[in-house]
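What follows is a set of notes on a single structure, which appears directly below.
A short reminder: the numbers here are calculations on the coordinates, not readings from a lab. All values derive from a computational prediction rather than experimental measurement. Here Cβ is always computed from backbone atoms with ideal geometry, including for glycine, and neighbour counts include all displayed protein chains.
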Amino acid sequence: MSDFRFGINLGFATKRWPEPEAWTALVKETLGLDLVQFTFDLLDPWWPEADRRLLAHKTRRAAEATGVTIHSAFVGLASYTYNGLLHPEPAGHRAGLEWWRRAVDLAAELGAGAVGGPLGGMSVHSAPKGRERLYQRLLEDVRSITEWAAAAGLQELLIEPTPLTREIPHQIADSQQLLADLDGTTATPVRYVLDVGHALYQPLYGADATLTPWLDALGEQIGVFHLQNTDFQSDSHWGWPDARGRFDVAAFTATLRRAGLTTTPVFLEVFYPFEMTDAALLDNIMQSVAHCRQLLR
């Protein structure tokens, strides 16, 4: 049995098991897990408030009834496709900020302790000439989100660095700078989600990329790990087994132990093609959970 806090991001359930009773039973009874990261692909903050609250209430009751803890609520594939807080147009930016306000409310309604995700992406034309202006605006946005989060009873904001140069943050240096510029000015702590497929993306970080520089630089400021199988050439999010993937979970475990980060939650985050059969997906997710749990020791 794993002695790490191991759970699963619910992205695999998108469009297949949206009913709270369905995914909670699958997580608890089929996968044998009791910790999840909710995805906004299952329940979008933009939905009409009354319907959103109804579904959030049903979700919270189902999780509590089955003993599943919703650790955090997180940006999904749908919302990640937008420019978000780094939208170059004022109207687009206002919409992105409003989305986050609603995301905070939804996370609280779900009973989660945190909300998070990537913050947004600059356009080809706004980066790099507009980067500094957008960065200063982003700092104010993050401060506002933490104020909303604190008022809603959330404990922290989780930000996910991505390996895209038009996104903030996208590397170790600007991840450190963001925390330094926010230091002492946020209403809740701001911590990072370190996705192994992002941190080890070789086309950006080089063929010798390892997790160690990220862990040395950010340390306890890492609030969550995302675990995926990858070839280091793409943001793969494959499971196990997969002949294309080369990620070594045992080596990952040893790296976390050396860094003293064994209490940081680790969430399996695997995505599947929508045309994949339900049976094949379920078989792979079960094998992936078993593979990771066995090696997270």
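List of remarks:
- HN-Hα J in Hz across the range 148-158 - Karplus 6.51, -1.76, 1.60, θ = phi - 60°, x for Gly and Pro: 5, 5, 4, 5, 7, x, 7, 8, 7, 10, 9
- In a reduced charge model with +1 at each Lys and Arg Cβ and -1 at each Asp and Glu Cβ, the range 6-295 shows a dipole moment near 140 debye about its Cα centre.
- Under the Karplus curve 6.51 cos²θ - 1.76 cosθ + 1.60, θ = phi - 60°, whole-Hz ³J(HN,Hα) for the range 7-24, x wherever Gly or Pro sits: x, 9, 6, 7, x, 5, 7, 4, 6, 9, 10, x, 5, x, 5, 6, 6, 5
- Interchain or long-range residues, amide H under 5 Å from D195's placed H: H226
- Each of T30, H291, A251 was scored by the projection of its Cα onto the charge dipole of the chain, and the greatest displacement toward the positive side belongs to A251; charges sit on the C-beta of Lys, Arg, Asp and Glu.
- log10 of Debye I(q)/I(0), alpha-carbon scatterers only, for the range 125-259 at 0.13 Å⁻¹: -0.62
- The chain: relative contact order as a whole-number percent, Cα under 8 Å and 6+ apart: 19 percent
- Sorting the segments 111-120, 263-272, 240-249 by their residues' average number of neighbouring beta-carbon atoms within 10 angstrom, most packed first, yields 111-120, 263-272, 240-249.
- Other residues lying with their Cβ under 10 Å from the Cβ of V190 contribute a combined charge of 0, Lys and Arg counting +1, Asp and Glu -1.
- The chain - share of DSSP beta bridges that are antiparallel (%, nearest 5): 10 percent
- Among 222-230, 77-85, sorting by the average number of other beta carbon atoms lying within 10 angstrom of each residue, highest first, gives 222-230, 77-85.
- 10 Å beta-carbon shell around R52, net charge (K/R +1, D/E -1): -3
- For the range 173-222, the fraction of alpha-carbon pairs in successive 5 Å shells from zero, as %: 4, 18, 28, 22, 14, 8, 4, 1
- Percent of Cα pairs exceeding the 38 Å cut-off, where the set is the chain: 8 percent
- Cut-off 14 Å between beta-carbons: net charge of the residues surrounding L77, Lys and Arg +1, Asp and Glu -1: -4
- Mean projected area in nm² (Cα convex hull; one quarter of hull surface) for the range 23-66: 3.0 nm²
- Debye equation applied to the C-alpha atoms of the range 187-297, log10 I(q)/I(0) at 0.18, 0.23, 0.24 Å⁻¹: -0.92, -1.35, -1.43
- Under 24 Å from K58, Cα to Cα: lysines that are on another chain or at least 8 residues apart: K15, K28
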